[in-house]
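For reference, the structure is listed below as structure tokens.
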Amino acid sequence: MAAGDNDAFHDYLKRLPAEHYRGQAYVHWSMTIDDRKTGWLVPIFYYKFREVLTHTVFRYGLCCPIYCCMPDHIHLLLIGVLAGSDQRNAVKYFRKQINPILEKLGARFQKQPYDHVLREEEREKDAFEVVFEYIVRNPERAELVRPDCYQNYPYTGCLVPGYPELGLWQPDYWERFWRIYGHLRRNGFTQVSEDER
């Protein structure tokens, strides 16, 4: 495929039917910067990124067990919490809010993000950890950190509405994440009781 053909392909990435992105869908989103431009990933962008992501996941009933901002693209793994969650609308909103911030830094998202909707078997613990591992090791593959030092990369984290203290590298992260996720599914984004933390 010629370079121009590849650009055309990315202009018209096919999506699954809308229902695959609704409810408790698990979707790995990759959002590439136009022309793979770099230089925009700075602390002030990261601060704004987390702010916009917080509003996005709350507004659309989602949580983000892992994200990774790379120098020329962003990975988000989003999981629907509420029956009315809609990731396509959430990502459209997220990109609309982030693009003006990127533009101030001389960058912009490509026209369309890539997504991978996790099938039922990919949601099983071992398969899910493969997706997590792929995202978390992106900085290693790009030689931004030494092998097995992905925890040192400053632009990887998680975001679960109502739980700012939840950290990706805590020893009991996954146990706490799944417990919190279960609580949110049962109760929605309501006040959290201490025993659910």
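The values are calculated or read from the model by the stated rules, or taken from the named source; none is laboratory data. Source: prediction; values computed, not measured. When we count neighbours, we look across all protein chains shown, and the Cβ atoms used for this are built from the backbone with ideal geometry, even at glycine. These area figures cover heavy atoms from the full protein model, side chains too; ligands, DNA and RNA do not enter into them. Shrake-Rupley method; radii C 1.70, N 1.55, O 1.52, S 1.80 Å.
Would you mind classifying region 79-122 by shape? Square roots of the alpha carbon gyration tensor eigenvalues, ordered a ≥ b ≥ c; an a/c under 1.5 is rounded, otherwise it is prolate if a/b is larger than b/c and oblate if not. Prolate. Working from label points 7 Å from Cα in the Cα-to-Cβ sense, the Tyr134 to Asn187 distance is 3.4 nm.
Once you reduce region 126-197 and region 18-89 to the center of their Cα atoms, the two points are 14 Å from each other.
Among the protein heavy atoms of the chain, carbon and sulfur supply 51% of the accessible surface, probe 1.4 Å, non-protein parts ignored. Average accessible surface for region 58-146: 49 Å² per residue, computed with a 1.4 Å probe over protein heavy atoms with every protein chain in place. Among the DSSP helices (H) of the chain, those spanning at least 20 angstrom by Cα along their long axis with an average Kyte-Doolittle hydropathy of -0.5 or more are 43-60; this is a geometric and hydropathy rule only.
Please work out whether region 52-112 counts as rounded, prolate or oblate from its C-alpha gyration tensor, where a ≥ b ≥ c are the square roots of the eigenvalues and a/c under 1.5 means rounded, while otherwise a/b larger than b/c means prolate and anything else oblate?
Numbers: a/c = 2.32, a/b = 1.74, b/c = 1.33.
Here region 52-112 falls in the prolate category.
Based on the Stokes-Einstein relation at 25 °C and a viscosity of 0.890 mPa s, and on the Kirkwood radius from alpha carbon pairs, the chain is assigned a translational diffusion coefficient of 140 µm²/s.
Around the Cα centre of region 79-197, unit charges on the Cβ atoms of Lys, Arg, Asp and Glu (plus for the first two, minus for the last two) sum to a dipole of about 760 debye.
Exposed loop sites here are chymotrypsin sites (Phe, Trp or Tyr not before Pro) assigned a DSSP state other than H, G, I, E or B and surrounded by at most 13 other beta carbons within 10 Å; excluding them, the longest clear run of the chain is 13-168. Summed over all non-identical Cα pairs, the Kirkwood treatment of region 39-80 gives a radius of 10.9 Å. With 27 Å as the limit on Cα-Cα distance, the pairs of Lys37/Lys125; Lys48/Lys92; Lys37/Lys96; Lys48/Lys111 that go past it are Lys37/Lys125. Its Cα centre serving as origin, region 96-159 has a Cβ charge dipole (Lys and Arg +1, Asp and Glu -1) of approximately 540 debye.
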